[in-house]
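Here the structure comes first, spelled out in structure tokens, and everything after it is commentary.
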Amino acid sequence: MSVTSPLPPLIDQHCHGVVRTQLGIGSFEPYLTEAHAPAAPGTTYFDTQTGFAVRRWCPPLLGLEPHCPPAHYLARRRELGPYEATRRLLAGTGIGTFLVDTGLPGDLTAPDELAGIAGGAAHEIVRLESVAEQVADASATAAAFVSDLAEAVHAAAETAIAFKSVAAYRHGLALAPQPPSPAYVRLAAEDWLAARAPGGRVTDPVLLRHLLWNAVATGLPLQLHTGFGDPDLRLDRADPTLLTDFVRATADSGAAIVLLHGYPYHRQAAYLAHVFPHVYADVGLALTHTGSRAAAVLAETLELAPFGKLMFSTDAYGLPELFVTGARLFTDALERLFTAWVDEGAWSRPDADRVAALLVDGNARRVYRLP
């Protein structure tokens, strides 16, 4: 950055693994969108802010000119092979530590594998709903499920860096704020297990609340998906302000609440981080999907979010390119914003240096107790 001192390696506080296999245009393109369907006839998902960001930042890391045609880029990717292309791309991100949500299905790199390719470090984020579903697959009764679930969450806390919930997808964030009583939990478990096919998702609001409070009891940070996502989500049910009463109820728990992504409710997430000391936020995949408008989104988040409460993440999934775009768009947005604020006299140069270091590294190191 022209304004600040050299940045430390970034901590990506929420991401996923990448695919190990070779990708053609038909298998590459779906990772550029949250949609489940192909692009409209005669169009392509490369013609999006995400697609343009990939074409801007990734080709130079593979020896090509910025903005080269997608076909040329994918041909070069195939020439290098998936491992070498992934290695070069991850090496160009500036990310040193990856906090990896392992709850997504598919043949994705594990945290240690991802870190090994990138030459960095990694820690696991455990997805609560995945834990519940795995326990349910092995539970014969509701009593066994409730007991085994408590043990599984406790065991996961021994090695995980944080927990993550996708309650926004499964029910929405308008959940009753208090922990449900053991009797209600057992009744909900009985109903769910009786109706559930193997592998079925947990969607019952009582069980989702129970999961959240089990995680809070461990003292580890709890990440919550908020804002936009794929079509499984009802966007109006993912507004982070729906969590206000839950946030109040957890104020004395000792657990940090981390609001992920937020967009288009990123200002609401910033507000919650502003007024509740244990609430933090990121803008995650919002920057990759807003592309050339990333600086505007980050600026809107920084309107209210205290500078010690905002963290960097990519929410990259499947493609190493999404780590590149997430990191480059974030650091480019910082440079644009902080340069303007220093030039106009609103900020001092030392303050810009200090805040930049908090956002890329310091805040996450503190929240997740990283050495």
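Can you bin every Cα-Cα distance in region 1-135 into 5 Å intervals starting at zero and give me the percent of pairs per bin, rounded to whole numbers? Final binned percentages: 2, 9, 15, 19, 20, 17, 10, 5, 2, 0, 0. Of Asp315, Asp353, Asp47, the residue with the greatest mean-square motion in the GNM of the chain, using alpha carbon springs below 10 Å, is Asp47. Scaling the Cα radius of gyration of region 221-371 by the globular reference 2.2 N^0.38 Å produces a ratio of 1.02.
About its Cα centre, the dipole of the chain is roughly 340 debye, where the only charges are +1 on Lys and Arg Cβ and -1 on Asp and Glu Cβ.
Counted over all Cα-Cα pairs of the chain, pairs farther apart than 38 Å make up 17 percent.
Loop-located chymotrypsin sites (Phe, Trp or Tyr not before Pro) in region 275-371 (DSSP state other than H, G, I, E, B) with a sparse environment of at most 16 neighbouring Cβ atoms within 10 Å: Phe307. A full extension of the chain between Ala299 and Ala155 corresponds to an added length of 47.9 nm, given 0.36 nm per residue minus the alpha carbon distance. Note on Ala75 and Gln134: their simple-model spin labels are 4.4 nm apart, each label 7 Å out from Cα toward Cβ. Our analysis of region 194-303 gives Rg over Rh at 1.01, with the two radii drawn from alpha carbon positions and Rh computed by the Kirkwood formula. Name the most mobile residue of His261, His123, His154, meaning the one with the largest mean-square fluctuation, in a Gaussian network model of the chain with Cα contacts below 10 Å. Of the options given, His154 has the highest mean-square fluctuation. FRET efficiency for the pair Leu235 and Gln22, taken as 1/(1 + (r/R0)^6) with r the Cβ-Cβ distance and R0 = 25 Å, rounds to 0.15. Available extension along the chain between Ala197 and Asp107 is 30.1 nm, counting 0.36 nm per residue and deducting the alpha carbon span.
Here the extension length gained between Ala91 and Asp245 equals 51.3 nm, from 0.36 nm per residue of separation less the Cα-Cα distance. Comparing Leu322, Leu175, Leu224 in a Gaussian network model of the chain (Cα springs below 10 Å), the most mobile by mean-square fluctuation is Leu175.
Coordinate-derived values only; no laboratory data. This is a predicted model, so every value here is computed, not measured. FYI the Cβ positions are ideal-geometry reconstructions off the backbone, even for glycines, and counts take in every protein chain you see.
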